[in-house]
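S.K.: Submitted below is the structure of interest, expressed as structure tokens.
What follows is calculated from the coordinates using simple rules that are stated; it is not laboratory data. Quick caveat, the model's predicted, so the values are computed rather than measured. Counting neighbours? That spans all protein chains shown, and the Cβs are built from the backbone with ideal geometry, glycine included.
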Amino acid sequence: MNSIISIDNLNHTYGTGALQKPVLSSITLTIEPGEIVLLTGPSGSGKTTLLTLMGALRSVQDGSLKLFGQELRGAGKSKLIQVRSQIGFIFQAHNLLKSLTAWENVNMSLKLHKLSRQERYDRSIAMLQSVGLGDRTHYYPENLSGGQKQRVAIARALVSQPKLILADEPTAALDSKTGRDVVTLMQTLAKEQGCAILLVTHDNRILDINDRILKMEDGCLVQDRPNQVTA
């Protein structure tokens, strides 16, 4: 089975000429199916840039980055769209559309898939039930708490049964208990679906919910170790 992510000597810069600034240097790593990996490091260390490259949201400049066995360097627009359709994204701000109900927000992730409207509705409702929001399916975001909004975002990310979840600071705006509940839910549902999770975080409260911890400094991967609690 192919690795979910396979990166070899990845480099990335911003700017040109005298203003060129390296943001990623010689990154090499793999993430396997079912792994939960935390990516840590100070602000400005390159975490978000690496996440956007892994999510096929930014073009690979130098080195190799393979998702699901497919090389992204030099990939065309249609290939990048196809790869992104296999990824679930979860962000700190949850990015729900205010004009759509919870189930309609979740349904957005299924629009690229060849399913009938009824099938999309049924899967969206079932996923919201699995995150504990079966009684909030027709609520608008303004009527949901912060934790409930993040649960909708998780449902939206997982409903299409992606091979990879990329989460950027998903607990930063949540209190300790809600943040723990949200990450535990991600962990449980992802394990059930067999997908990998890469979670960018500064939140020391959730460092035990992982298989490995990666640490970045100044654009370099300076640490890659198994979680001593789960190893």
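S.K.: Report the per residue volume, in Å³, of the convex hull enclosing the C-alpha atoms of region 96-231.
M.R.: 128
S.K.: If each residue of separation counts as 0.36 nm, what is the full-extension length gain between LYS111 and VAL222 once their alpha-carbon separation is subtracted?
M.R.: 36.0 nm
S.K.: When 1/r is averaged over all different Cα pairs and the result inverted, which Kirkwood radius in Å belongs to region 44-139?
M.R.: After inverting the mean inverse Cα-Cα distance, the result is 15.5 Å.
S.K.: Related question: At 222 nm, what helix-only mean residue ellipticity would the chain give, in deg cm²/dmol to the nearest 500, using -39500 (n - 2.57) for each DSSP H run of four or more?
M.R.: Result for the chain: -9000 deg cm²/dmol, rounded to the nearest 500.
S.K.: Express as a percent, rounded to the nearest 5, the fraction of DSSP beta bridges in region 91-231 (both residues included) that run antiparallel.
M.R.: Bridges in region 91-231 are about 50 percent antiparallel.
S.K.: So which aspartates and glutamates pass the test for LYS149, namely a Cα distance under 16 Å, with those fewer than 8 places away in the same chain ruled out?
M.R.: GLU104, ASP135, ASP168, GLU169, ASP175, ASP181
S.K.: Relative to the longest principal axis of the C-alpha atoms of the chain, give the angle of the C-alpha long axis of helix 176-193, reported between 0 and 90° and rounded to the nearest 10°.
M.R.: Helix 176-193 and the main axis of the chain meet at about 90 degrees.
S.K.: With a sphere of radius 12 Å drawn around the Cβ of LEU67, what net charge do the other residues whose Cβ falls strictly inside it have (Lys, Arg +1; Asp, Glu -1)?
M.R.: Neighbourhood net charge equals +4.
S.K.: Going by how many other beta carbons lie within 10 Å of each one, how would you line up ILE209, ILE197, fewest first?
M.R.: Listed from fewest to most nearby Cβ atoms, that is ILE209, ILE197.
S.K.: Something else about it: Does region 83-153 come out rounded, prolate or oblate by the C-alpha gyration tensor, with a ≥ b ≥ c the root eigenvalues, rounded set by a/c under 1.5 and, if not, prolate when a/b is larger than b/c and oblate if not?
M.R.: In terms of gyration-tensor shape, oblate.
S.K.: Please say if region 32-87 is rounded, prolate or oblate, where rounded means a/c under 1.5 for a ≥ b ≥ c the square roots of the C-alpha gyration tensor eigenvalues, and otherwise the choice is prolate for a/b larger than b/c and oblate otherwise?
M.R.: Taking the square roots of the gyration eigenvalues as a ≥ b ≥ c, region 32-87 is oblate.
S.K.: Another question, if that's okay. What is the distance in Å between the Cα centroid of region 131-160 and that of region 85-116?
M.R.: So the two Cα centres are separated by 10 Å.
S.K.: Quick check: the distance between the Cα centres of region 166-231 and region 25-78, to the nearest angstrom?
M.R.: Value for the Cα centre distance between the two parts: 16 Å.
S.K.: Then there's this: Which value, in Å³ per residue, describes the convex hull spanned by the Cα atoms of the chain?
M.R.: About 134 Å³ per residue, rounded to a whole number.
S.K.: Right, here's the next one. So if each residue of separation counts as 0.36 nm, and I subtract the Cα-Cα distance between ASP62 and GLU119, what length gain in nm does that give?
M.R.: Extra length from ASP62 to GLU119 when fully extended: 16.4 nm.
S.K.: For the chain, modelled as a Gaussian network with Cα springs under 10 Å, which listed residue fluctuates most, GLY46, GLY69, GLY34?
M.R.: Highest fluctuation among the options: GLY69.
S.K.: Kirkwood hydrodynamic radius of region 116-187 from all distinct Cα pairs, in Å?
M.R.: Roughly 12.8 Å, rounded to one decimal.
S.K.: Which lysines does LYS215 reach when only Cα atoms under 28 Å apart count, and residues fewer than 8 places away in its own chain are ignored?
M.R.: Qualifying lysines at Cα under 28 Å: LYS21, LYS47, LYS66, LYS163, LYS177, LYS191.
S.K.: Once you list every other residue whose beta carbon is under 13 Å from the beta carbon of ILE197, what net charge do they have if Lys and Arg are +1 and Asp and Glu are -1?
M.R.: Here the count lands on -2.
S.K.: With angles folded into 0 to 90 degrees, how steeply does helix 146-158 sit against the dominant principal axis of the chain? Use alpha carbons for both and round to 10.
M.R.: So the inclination is approximately 70 degrees.
S.K.: Moving on to the next point. State the extension gain, in nm to one decimal, for the chain segment bounded by ARG84 and GLN187, taking 0.36 nm per residue of separation less the distance between their alpha-carbons.
M.R.: Full-extension gain reported as 35.0 nm.
S.K.: Which three numbers, in whole Å and largest first, are the semi-axes of the equivalent ellipsoid of region 1-103 derived from its Cα gyration tensor as √(5λ)?
M.R.: 24, 19, 15
S.K.: Under 15 Å from the 7 Å Cα→Cβ point of GLN70, by amide nitrogen: which residues of region 91-117?
M.R.: Zone members listed by number: 112-114.
S.K.: Okay, next question. Between beta-carbons, use under 12 Å as the cut-off and find the net charge around SER45, counting Lys and Arg +1, Asp and Glu -1.
M.R.: Charge balance in the 12 Å sphere: 0.
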